[in-house]
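I have placed the structure first, in the form of structure tokens, so that the comments after it can refer back to it.
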Amino acid sequence: MAVKIVRQPKKIALLGACSSAAAFLPGTEKAPSALRAAGLVDKLRAAGFEVTDFGDCPPRLFADDEEHRRARNLPTIVAGLNDLKVHTEAAIKGGALVLVLGGDCAQMIGLLAGARRYYKHINLLWMDRDADLNTPASTPSGRIDGMVVAHIIGRGAPELVRFYSESPLVREPDVLLFGLERVDPPEEEFGGGYSEEGRDKKRQGCTGASARRVARVLAASGHRHHRAGRVCAGERPG
């Protein structure tokens with residue numbers, strides 16, 4: 001039976017994803033506490049939002065994992081995604097806007113999987129300097145943080161591609177990459193399969209015109225799709 005969700009645009013459900021398991025270095029697991037300490041919740045409330053803080057998922061920490069150099073720390077990453085998925089499902093069912101605090105890009109897979117329980121089609125706005133379209137076959141580092149978009153659109157390690165029962169989590173035409181400054185050669189093969197804005201060959205960042213186009217995309221989406229944006233570090237040789 002379909003669940004009818006009554007959206008409450010002035011309510012925010014806050015979740016912390018304390019993970020560095022997919023990252024290039026330890027430390028990103030501290031992002032949720034750092035953002036709270038910086039006064040994020042108070043600022044949101046001052047802006048007129050009703051914020052419910054659901055706390056943090058259990059920490060999932062960085063490790064070198066030299067035994068799996070093409071896709072490091074997968075069991076730990078998947079465990080963290082399962083935690084976030086369950087909390088996301090409950091928060092979305094309540095109708096609030098879900099805001100996940102974290103610094104590990106791979107957590108987006110858990111967030112999207114939780115949203116897919118209620119929304120069949122999702123648009124993804126991915127804000128990052130890197131495309132994150134590497135796979136275990138092409139990665140120079142083995143860090144999943146540099147492969148997240150590829151896994152979201154159904155390419156990569158089976159443990160992540162099949163994390164949600166229906167792959168892909170988001171269709172390639174429904175992904176907008178914004179603010180790119182570099183794309184690795186193996187990632188260029190995806191060039192015809194995704195929308196790209198804000199990439200400047202002189203590496204000067206996002207332009208006003210591309211920012212306005214993104215605003216139009218979001219406005220056109222209205223309430224038909226769950227939308228998720230992400231800012232994080234991308235693939236680097238490790």
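Extension gain, H68-S165: 0.36 nm per intervening residue step, less the Cα-Cα distance, totals 32.5 nm. Report the Cα centroid-to-centroid distance between segment 122-182 and segment 1-50 in angstrom, as an integer. For segment 122-182 versus segment 1-50, the Cα centre distance is 21 Å. Taking amide H as placed 1.01 Å from N in the peptide plane, the amide H of A96 sits under 5 Å from that of Q8, each at least 5 places away or on another chain. If the segment from K30 to L61 were pulled out straight at 0.36 nm per residue, it would be longer than the present Cα-Cα gap by 10.1 nm.
Only the coordinates and a few stated rules stand behind these numbers; no lab work does. In this text, all values refer to a predicted model and were calculated from it rather than measured experimentally.
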